[in-house]
Amino acid sequence: MCGIAGLFVPGSSRAEAPQRDRIARMTDRLVHRGPDGGDVYVDQYVGLGHRRLAVIDLVTGQQPLTNEDGSVVVVYNGEIYNFVSLVPELESHGHVFHTHSDTEVIVHAWEQWGPGCLDRFRGMFAFALWDARTRTFFMARDRLGVKPLYYGVDHNGALAFGSELKAIVDHPGLDTRIDPQAVEEYLALGYVPDPRTIHRGMRKLPPAHYLHWQADAREPTLRRWWMPAASSTAIDEGEAIEALRALIDESVRIRMVSDVPIGAFLSGGVDSSVVVATMAAHSAQPVQTCAIGFDVASYDETRFAQMVASRYRTDHRVRMLTPDDFALVGKLPTMFDEPFADDSALPTFRVCEFARERVTVALSGDGGDETFGGYRRYRMHLAEQRLRDAMPAGLRRLVFGSLARWYPKADWAPRFLRAKTTFRGLSRDAIGAYYDTVSITDADTRSWYYAPGFERQLDGYRTAELFETHARDAQTDDALELIQRIDYQTWLAGCMNVKVDRASMACSLEVREPLMDHRLVEWAMTLPSALKIRGQEGKYLLKRAFEPDLPRDVLYRPKMGFSTPISTWLRGPLREPLGRRLRDPALLDAGIFDPERLTRMYDEHCAGSRDWSSSLWSILVLGEFLHHRGAGVGAATERAAAATPG
């Protein structure tokens, strides 16, 4: 795994040619992603920088890497798992290889197929290349957005890019003012979804997109290059089980190729257990596994992880997480470079840190819930959709809208009595209801705690518009497939993958994701919904397929997820840090919140009269980001932004 950064200066730009020292400074901000070395390539149009975490071809895999005559040069972050099979095909076309790395395959595949090379790659990747023959700059990101790529065009017309925002945030001429719409999206979802970033002048390249810029063109072309086909195919359950096991077996096997020590996360959930069981079948030595536990029993899954570890005789280690670890909240701004409120980010960092003590590569179970229908919210959505389909929209709005307004907000009550959100969802259409389900705060709550001036800046914008856009692009009428596709574009790319990438790269650990293999995802998209969710059982087919391999207590227990007891901790050990941040001028002077309502939320939560934990945690993390920004990081660019035209 690596870090990449650089500049492209098109012929129409007013910017000076890239300077080697500038590219080196950008790249050095990513040394945690690549502690094993780095280098820079510069010509009159581009500067390409690279930091390397050596995993494959330890001797000759250095970057930037060129073709035989130096006319094509690439910097790349990721793994192309099928690179070995592509080499003979490219050699048959006359290409000559000088390394044993997957990076060189990208160079020659570009020469041979141009942008069509992306269709040949199987893996996780983000790369940028310069083709001097055609004077073409090209950036691309993998299908499911496992690897990140950020960019911005400065006021002189030059493009700066990097694996993380920290590589480009100090580039002069980029607009680093806070984007109000990004703040709205963050406070709704707990992360800033693609393609926006917290800064007005910077963007994420979305999953399965490429950016293509000819040196003599005034602006780039941005294009989506992959989307799984929308189709459902009838298949016998036995045949589906056989096909699924074969696909997962291959996906795990090709991700076990490494020239450095490799292991796995083992949470005790279905997905990581499936991955570890499959790894054990391909490993002559005990698989190195690790898990994080919690000192609150209802959140701790370590005993289930131990069941799997014992069955497959893995070399298993456990480390407990306590509220003291959440003192690391101050690390989030430097890890993520923008507000990121998934409270499992810190335990994810701890498990990556723990794994890195023994291995350089770890396999995870990420993506299984999205692909195979594992989330409880999927089952709830399908049940609600059946009721929505049975009632006219006007009647639903009248009946359930009235119930939602009347029913109290019962955070303190057992789950089956918390019906307000369900009533509100039933009064809305499918997309509005699903957006409401995945939001950490609803629009009415945000309007309640927003400062009036901030509401005016939003000019009516609400995050729900993003979900409506993704729904229109999904090209399916299947209720489950529709929300899965929305999750691929929002939750998976913008939250799950970001969390794992930043947490692992902060520890110089490469994480690989066999359940996000695009062939597996494409195949799973053809499955009838009944093979994903059967009654109240999510991941039906995946569990049936691995019944011979895993304990029933692991497969069929209630799903917990990698969650934390944050509500309790905000009333206890995190109460004082939260109070300090809510009074911080960096947060209050931003003009986003009504200070009196922040105080009311804090008081009600601490008293236990209402659970404001999701909102308060997201505001705490935003406050940490703004405090850190005011303390130095990005401060210089704030001054530069004030002088930015437009």
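Say whether the condition of being out of contact with any His (no Cβ under 9 Å at 6 or more places or on another chain), in a loop (DSSP other than H, G, I, E, B) and touching a residue at least 40 places away in the same chain (Cβ under 8 Å) is met by at least one residue in the range 84-98. No, the range 84-98 contains no residue that is out of contact with any His (no Cβ under 9 Å at 6 or more places or on another chain), in a loop (DSSP other than H, G, I, E, B) and touching a residue at least 40 places away in the same chain (Cβ under 8 Å).
What are the residues in the range 137-177 that are in a strand (DSSP E or B) and either among the basic types (Lys, Arg) or surrounded by fewer than 20 Cβ atoms within 10 Å (Cβ to Cβ) (or both), if any? Once the filter is applied, which keeps residues that are in a strand (DSSP E or B) and either among the basic types (Lys, Arg) or surrounded by fewer than 20 Cβ atoms within 10 Å (Cβ to Cβ) (or both), the range 137-177 yields only 141. In the range 1-25, the residue that is farthest from residue 169 (Cα to Cα) out of those that are free of Cβ contacts under 8 Å to residues at least 60 places away in the same chain, open to solvent by 10 Å² or more (accessible area, probe 1.4 Å) and among the aliphatic types (A, V, I, L, M) is 17. The number of residues in the range 59-101 being under 16 Å from residue 258 (Cα atoms) and acidic (Asp, Glu) comes to 1. Residues in the range 112-136 that are closer than 22 Å to residue 9 by Cβ and in a strand (DSSP E or B): 126, 127, 128, 129, 130, 131, 136. Tell me which of these residue 264 doesn't satisfy, since it passes every other one: (1) among the small types (Gly, Ala, Ser); (2) under 27 Å from the mean Cα position of the chain (by Cα); (3) part of a loop (DSSP other than H, G, I, E, B). Residue 264 satisfies every listed condition except (3).
Scan the helices (runs of 4 or more DSSP H) fully inside the range 425-485 and keep the ones with 1 or more residues being among the hydrophobic types (A, V, I, L, M, F, W, C) and more than 21 Å from residue 182 (Cα to Cα).
Working: elements: 430-438, 443-449, 452-458, 464-474.
Hits in the range 425-485: 430-438, 464-474.
Kindly provide the set of residues from the range 249-297 that are of a type in the set (Phe, Trp, Tyr) and at pLDDT 90 or above, ordered by number. Answer for the range 249-297, where residues must be of a type in the set (Phe, Trp, Tyr) and at pLDDT 90 or above: just 265.
Does residue 337 satisfy the criteria of being farther than 25 Å from residue 200 by Cβ and open to solvent by 10 Å² or more (accessible area, probe 1.4 Å)? Spell out the reasoning first.
Working: farther than 25 Å from residue 200 by Cβ: no; open to solvent by 10 Å² or more (accessible area, probe 1.4 Å): yes.
Considered against the rule, which asks whether it is farther than 25 Å from residue 200 by Cβ and open to solvent by 10 Å² or more (accessible area, probe 1.4 Å), residue 337 comes out as no.
Per-residue answers, yes or no, for (1) over 29 Å from the mean Cα position of the chain (by Cα); (2) at pLDDT 95 or above:
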site: 513; (1), (2): no, yes
site: 516; (1), (2): no, yes
site: 530; (1), (2): no, no
site: 543; (1), (2): no, yes
site: 574; (1), (2): no, no
site: 580; (1), (2): yes, no
site: 592; (1), (2): no, yes
site: 599; (1), (2): yes, yes
site: 605; (1), (2): yes, yes
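Among residues of the range 208-220 that are closer than 23 Å to residue 494 by Cα, those with a beta-carbon under 8 Å from a residue that is buried (at least 16 other Cβ atoms within 10 Å of the Cβ) and of a type in the set (D, E, K, R) at least six positions away or on a different chain give the pairs 208/141; 208/142; 208/143; 209/141; 210/141.
Hey, among the residues in the range 58-68 that are among the β-branched types (Val, Ile, Thr) and not in a strand (DSSP E or B), which one's most open to solvent (accessible area, probe 1.4 Å)? Let's see the steps before the verdict.
In the first step, residues of the range 58-68 are kept if they are among the β-branched types (Val, Ile, Thr); the result is 59-60, 66.
Filter once more, so that each one left must be not in a strand (DSSP E or B): 59-60.
Values: 59: 116, 60: 51 Å².
Across the range 58-68, the extreme among qualifying residues is 59.
Within the range 508-520, being under 21 Å from residue 149 (Cβ atoms), touching a Lys or Arg at 6+ places or on another chain (Cβ under 9 Å) and surrounded by 21 or more Cβ atoms within 10 Å (Cβ to Cβ) holds for 509, 512, 513, 516, 517. Would you confirm whether or not the range 26-42 contains a residue that is over 26 Å from residue 164 (Cβ atoms) and either assigned to a loop (DSSP other than H, G, I, E, B) or open to solvent by 40 Å² or more (accessible area, probe 1.4 Å) (or both)? No, the conditions are met nowhere in the range 26-42. Here residue 598 meets each of (1) open to solvent by less than 30 Å² (accessible area, probe 1.4 Å); (2) touching a residue at least 12 places away in the same chain (Cβ under 8 Å); (3) within 30 Å of residue 370 (Cα to Cα) with one exception, condition (3).
From the list 92, 71, the one residue that fits, being within 19 Å of residue 111 (Cβ to Cβ), surrounded by fewer than 22 Cβ atoms within 10 Å (Cβ to Cβ) and touching a strand residue (DSSP E or B) at 6+ places or on another chain (Cβ under 9 Å), is 71.
Residues that are open to solvent by less than 20 Å² (accessible area, probe 1.4 Å) and more than 17 Å from residue 272 (Cα to Cα) within the range 486-497 comprise 486, 487, 488, 490, 493, 494, 495, listed in sequence order.
Looking only at the range 298-344, filter to residues that are small (Gly, Ala, Ser), at pLDDT 90 or above and under 19 Å from residue 268 (Cβ atoms); which one of those is farthest from the chain's Cα centre (by Cα)? Steps first, please.
Going residue by residue through the range 298-344, those that are small (Gly, Ala, Ser) are 298, 305, 309-310, 327, 330, 341, 344.
From what's left, at pLDDT 90 or above: 305, 309-310, 341.
Within this subset, residues satisfying the condition of being under 19 Å from residue 268 (Cβ atoms) are 305, 309-310.
Working: 305: 24, 309: 27, 310: 31 Å.
The extreme case among them is 310.
Whether any residue in the range 235-248 is assigned to a helix (DSSP H, G or I) and within 24 Å of the chain's Cα centre (by Cα) is what I want to check. Looking through the range 235-248, at least one residue is assigned to a helix (DSSP H, G or I) and within 24 Å of the chain's Cα centre (by Cα). Specify which of the listed residues (464, 474) is touching a Leu at 6+ places or on another chain (Cβ under 6 Å) and surrounded by fewer than 22 Cβ atoms within 10 Å (Cβ to Cβ). Answer to the selection: 474.
Return yes or no: is residue 55 open to solvent by less than 30 Å² (accessible area, probe 1.4 Å), farther than 20 Å from residue 216 by Cβ and touching a residue at least 24 places away in the same chain (Cβ under 8 Å)? Don't jump to the end; show me each part of the working.
Details: open to solvent by less than 30 Å² (accessible area, probe 1.4 Å): yes; farther than 20 Å from residue 216 by Cβ: yes; touching a residue at least 24 places away in the same chain (Cβ under 8 Å): yes.
Against the criterion (open to solvent by less than 30 Å² (accessible area, probe 1.4 Å), farther than 20 Å from residue 216 by Cβ and touching a residue at least 24 places away in the same chain (Cβ under 8 Å)), residue 55 qualifies.
Just name the residue that is nearest to the chain's Cα centre (by Cα) out of those in the range 193-215 that are open to solvent by less than 10 Å² (accessible area, probe 1.4 Å) and over 22 Å from residue 125 (Cβ atoms). Selected residue: 198. Residues that are within 22 Å of residue 350 (Cβ to Cβ), open to solvent by 10 Å² or more (accessible area, probe 1.4 Å), of a type in the set (S, T, N, Q) and not in a strand (DSSP E or B) within the range 273-304 comprise 298, 302, listed in sequence order. Pairing residues of the range 143-167 that are farther than 24 Å from residue 215 by Cα with residues that are among the aromatic types (Phe, Trp, Tyr) and part of a loop (DSSP other than H, G, I, E, B), at Cβ distances under 8 Å and at least 6 apart in sequence or on separate chains, gives 143/226.
Among the residues of the range 566-582, is there at least one that is touching a residue at least 12 places away in the same chain (Cβ under 8 Å), among the hydroxyl-bearing types (Ser, Thr, Tyr) and in a loop (DSSP other than H, G, I, E, B)? Within the range 566-582, none of the residues are touching a residue at least 12 places away in the same chain (Cβ under 8 Å), among the hydroxyl-bearing types (Ser, Thr, Tyr) and in a loop (DSSP other than H, G, I, E, B).
The values are calculated or read from the model by the stated rules, or taken from the named source; none is laboratory data. Predicted model only: the values in this text are computed from it and were never measured. Here Cβ is always computed from backbone atoms with ideal geometry, including for glycine, and neighbour counts include all displayed protein chains. Surface accessibility is based on the protein's heavy atoms, side chains included, excluding ligands, DNA and RNA. Shrake-Rupley method; radii C 1.70, N 1.55, O 1.52, S 1.80 Å.
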